[in-house]
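Step one of this worksheet: look at the structure below.
The values are calculated or read from the model by the stated rules, or taken from the named source; none is laboratory data. Just so you know, these numbers come straight off a predicted model, no measurement behind them. We place every Cβ from the backbone using ideal geometry, glycine too, and count neighbours over all the protein chains shown.
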Amino acid sequence: MDGYGDWAEQLANAEDVAFVDLEARIADAYDQLGPVKVELLFADPHTHTTAAGAMLNASTDVDGLRGLGNANPLSKCLIER
């Protein structure tokens, strides 16, 4: 419990609010793609994504929010694509 994701999860648990581990979700998506395809998602060495990388990250995040079910206060704002 020493990284930003861990601290965010601790805070969410302490405040009894929903938590989506975005770091883990995006890491899993990148693992599935493999290093060659992931490299194409970045405009520079692992700092800023291209538009395709941003879309992948955003869709991964939205899927995480959808996974919260009734605990998601934004569920009414999410549209299907």
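General observations
- Residue among LEU68, LEU78, LEU74, LEU41 that is in contact with a Phe, Trp or Tyr (Cβ under 9 Å, 6 or more places away or on another chain) and at pLDDT below 90: LEU68
- Test: ALA51 is more than 21 Å from ASP21 (Cβ to Cβ) and of a type in the set (Gly, Ala, Ser): yes
- Any hit, segment 37-54, residues being assigned to a helix (DSSP H, G or I), touching a strand residue (DSSP E or B) at 6+ places or on another chain (Cβ under 7 Å) and at negative phi: yes
- Selected residue (criterion: farthest from ALA27 (Cα to Cα)) from residues of segment 55-81 that are part of a helix (DSSP H, G or I) and among the aliphatic types (A, V, I, L, M): ALA71
- For segment 43-53, the criterion of being charged (D, E, K, R) and more than 13 Å from the chain's Cα centre (by Cα) is met by at least one residue.
- Any hit, segment 43-61, residues being charged (D, E, K, R) and surrounded by 10 or more Cβ atoms within 10 Å (Cβ to Cβ): yes
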